[in-house]
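These notes concern the structure reproduced below.
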Amino acid sequence: MTKDQTVQAAYQTAKERYAEIGVDTEKAMEQLKKVKLSVHCWQGDDIHGFVNPEQELTGGIGVSGDYAGIAQTPAELTTDLHEALSLIPGHHKVQLHTLYAVTDRKKDFDEIGPEDFQYWVDWAKEEQIGLDMNPTFFSHPKMKNNFTLASPEKDIRDFWIQVGKQSRKISNYFGQELGQRSINNFWMPDGFKDNPIDKATPRLRMLESLDEIIKEPYDENNTLESFEGKLFGTGVESYTVGSHLFYNNYAITRNKLWTIDAGHWHPTEDVSDKFSAFLPFGRGLMLHVSRPVRWDSDHVVIFDDTLQRITRSLVRDNELDKTNIGLDFFDATINRVAAWVVGARATQKALLQAMLAPLDQLKSDELHYDFTQRLVETEELKSYPFGAVWDEFCLKNNVPVGMDWLKEIRQYEQKVQFKR
């Protein structure tokens, strides 16, 4: 038999096994196909961007490794993204930052507007994908003493307020041009390295700055803002202005989205438990799916317990329609395109496994206090042949099955990346 025939034979067996417990594998694959991941562009170039690529990374951000083949131009980055997207089943989105503007002259962050992202919009139309946005509040001389929107200096705040306003124009442009809502995610690294005297005033300044940024209304079919908190970061170990609770409350009171980054919490916290606590009150979520290791938050996503808990929560509690799933990691110790593919496919696998469960039966068990049945079923599901369904999903979507995609990456790095 050919490999395709082997995959299809294994799938037929898996389909029958799942049917025995009331799970329709075809329906699960159709559900997964509708989920769009937002793939982060910054994995491809170690967050240098094109506006000030010589600027040292600041804001608690650092990239490890020097694997050959880094993208250094817009054409190289979009070529790498195209390669990655061709190996990930389905149609998705790409997240950009102010840093990635393609300008015809030297511009500062606060001057960058929609016209500087035409390159990306034209490319996205060719790829038939959407674009999300992130205003860049780091890697700039005016990120003074670890402060931007919460700075005690008005001229500093005004500069970053304008950066935020410009990002909303850009995000609106993405939505208008591509016919898909663009999520505009705000993350600011403001805070203190050592213990502050005044914790309230910086948050009041941040609140005032954010309200000024979002004052102008935009069609929310085109763009919608999301706000991302953090436990702490390098250089702001003692106090983070934009804490989780701060942005949780801001999102609820301003009818915006709240961003949960899986790597921005205490290592003992289960981020998936936050979803069902927030969504009864909040408008929706933006996820940055990352992998924390100790206190480093941005490792390549893998099919681990944390990821499975995240996807199970989204599926079991029917939260996918209110959640935007983005990726956020950067690892320069490995092939950067391969990192995208590993992270995206791992996320899709975890979603599929969550979808391949007899949820109505399990919820009925729970409702009727049959915890024995619930435990037995969930344990047995762990060894069900979901991998055969995943392989069939890849086959149906014309992407390589199993490890075959790595062969394409190896050819790509020899022909393209290693020649840079």
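Each reported figure results from applying straightforward, stated rules to the coordinates on display, with no laboratory input. On a predicted model such as this, the values are computed, not experimentally measured, just so you know. Positions of Cβ are backbone-derived with ideal geometry, glycine not excepted, and every protein chain shown enters the neighbour counts.
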Check: How do Ile334, Ile156, Ile21 line up, fewest other C-beta atoms within 10 Å first?
Finding: Ile334, Ile21, Ile156
Notebook entry, point to check: What residues have an amide H closer than 5 Å to that of Gln95, excluding those fewer than 5 places away on the same chain, when H is modeled at 1.01 Å from N in the peptide plane?
Noted result: Val39, His40, Cys41, Asp132
Next item on the list: Please compute P(r) over all alpha-carbon pairs of segment 174-254, binned at 10 Å starting from zero, and give each bin as a whole-number percent.
Entry: 17, 44, 26, 12, 2
Notebook entry, point to check: So what's the net charge close to Ile325: Lys and Arg +1, Asp and Glu -1, counting the other residues with Cβ under 10 Å from its Cβ?
Noted result: +2
Notebook entry, point to check: Considering only segment 29-361, what is the antiparallel percent among its DSSP beta bridges, to the nearest 5?
Noted result: 15
Next item on the list: Take Trp160, Trp265 and order them by how many other Cβ atoms sit within 10 Å, fewest up front.
Entry: Trp265, Trp160
Check: For Ser238 and Gln5, what does the FRET efficiency come to when R0 = 41 Å and r is the distance between their Cβ atoms, rounded to the nearest 0.05?
Finding: 0.10
Checklist line | Cα-only Debye scattering, segment 1-70: base-10 log of I(q)/I(0) at q = 0.12, 0.22, 0.25, 0.27 Å⁻¹ | finding: -0.65, -1.02, -1.17, -1.23
Item checked: Entries in Lys125/Lys415; Lys165/Lys419; Lys274/Lys349; Lys34/Lys107 that, when Cα-Cα distance is taken, lie over 31 Å -> Lys165/Lys419; Lys34/Lys107
Next item on the list: For segment 29-361, build the convex hull from the C-alpha positions and give me its volume per residue in Å³.
Entry: 129
Margin query: Please arrange Glu379, Glu366, Glu225 by how many other C-beta atoms lie within 10 Å of their C-beta, fewest to most.
Written below: Glu379, Glu366, Glu225
